[in-house]
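Derivation of every value follows stated rules applied to the coordinates shown; laboratory data play no part. Computed from a prediction, not measured in an experiment: that's the story for all the values here. A quick note on method: Cβ atoms are made from the backbone with ideal geometry, for glycine too, and the neighbour counts reach across all protein chains shown.
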Amino acid sequence: MKFSNWLALSGILITGLLFWSLREIIVLIFAGIILAMSICTLVEKIRSIAPVPRPIGLVICLLLLITIFSLSLIIVVPPFTKEFQELLIQIPNAAKELWELAIGSIDNISDIVYGDDPKGIWDQRILINGFTPFPDGATLANGVTDGIKRLLGLAGNLGVGIIQILFVIAVSIMVAIQPNSYKEIAIQLLPSFYRKRARVILLKCGQALSSWMVGVLISSFFVALLAGIGLSLLGVKLVIANALLAGVLNIIPNVGPTISTIFPLSVALLDAPWKAAAVLGMYIFIQNLESYLITPSVMHHQVKLLPGLTLTAQFIFTIIFGPIGLLLALPLAVVIQILIKEVIIKDLLDPWKKGKSYKFSTALAQD
């Protein structure tokens, strides 16, 4: 290899190591870009309704967002916080209730199979093996409580979290003020022959992300609304907290809906077992309605992601970026899928001719 080739390879390796060391900052910048794109989408919606200059539309959009956030803090957050605290208290009690129901069911089955002997073969096998397969109710309740504390502790230090949120908001506002300028800076970092093609690819990424954001907001709203109506009809307590959790966690595919089902199930189980079964059936119905009716209706322009790819992206990005990677797994997967389709498949693989060297610039000129 020539010296220039070694120099280029070294530059690529150093750049890769630099990006890896700064991956936490990079994912926060990506979150800021997503938020900026949502702001830009709202600005364009406002300008489509009222033909105003973009700076005025941006000011109206920010004032509207600040107003909605302030009203949420005043109206929604206090009852949600109170109900969420009660919800965390109810979960260990529900775990104990579930344990007692399981023990009762096992005893009934043991009586049917082995007779009325309270120390049947099932109990003897447990004693012979020297362990109990299930803990007592208090141990299980404490385990659930400790698990919740660990789950809530994933967010890390509160001060660091606030700084990260402020950083994301600052990046999003700066990008939303001059989106084209930042886009051109990113494009200038690419080779000159690929800049025209890069603008097309970035436009497709922006359209896909905008469609995803609008679709997620609409589908999450309907999930929260349907969950609130269903829980109210079933007479389950803590409706506001459970409905808001269902809407917020709906942003995280696969994992989020499963977690959101645990909380209303715990509350319903303390009232009556049939309510818990009804809540489970209702949430399954809502998720199927969201997956097969609401989401396809509002995301018909979105890049289609296979469920297996979505789950794989969640697993990989959570390992690389931590909890925030789980939240941003879907938009990251959307962008990566477009880059693979446009750059690797269309620009590299499709023009390839067997037995001939591939000239990248010539293929781009013919695109």
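The modelled label-to-label distance for the pair L289/I165, using points 7 Å beyond Cα in the direction of Cβ, is 3.1 nm. When you count the other C-beta atoms within 10 angstrom of each residue and take the mean per peptide, 174-181, 208-215 line up highest first as 208-215, 174-181. Say a paramagnetic label sat at a point 7 Å from the Cα of I319, along Cα to Cβ; which residues of the range 14-31 have their backbone N under 18 Å from it? The answer is 20-21, 23-24, whose backbone nitrogens lie closer than 18 Å to the label point.
Between I187 and I345, the simple label model (points 7 Å from Cα in the Cβ direction) yields a spacing of 2.4 nm. For the pair T258 and W6, a Förster radius of 45 Å applied to the C-beta separation gives a FRET efficiency near 0.35, rounded to the nearest 0.05.
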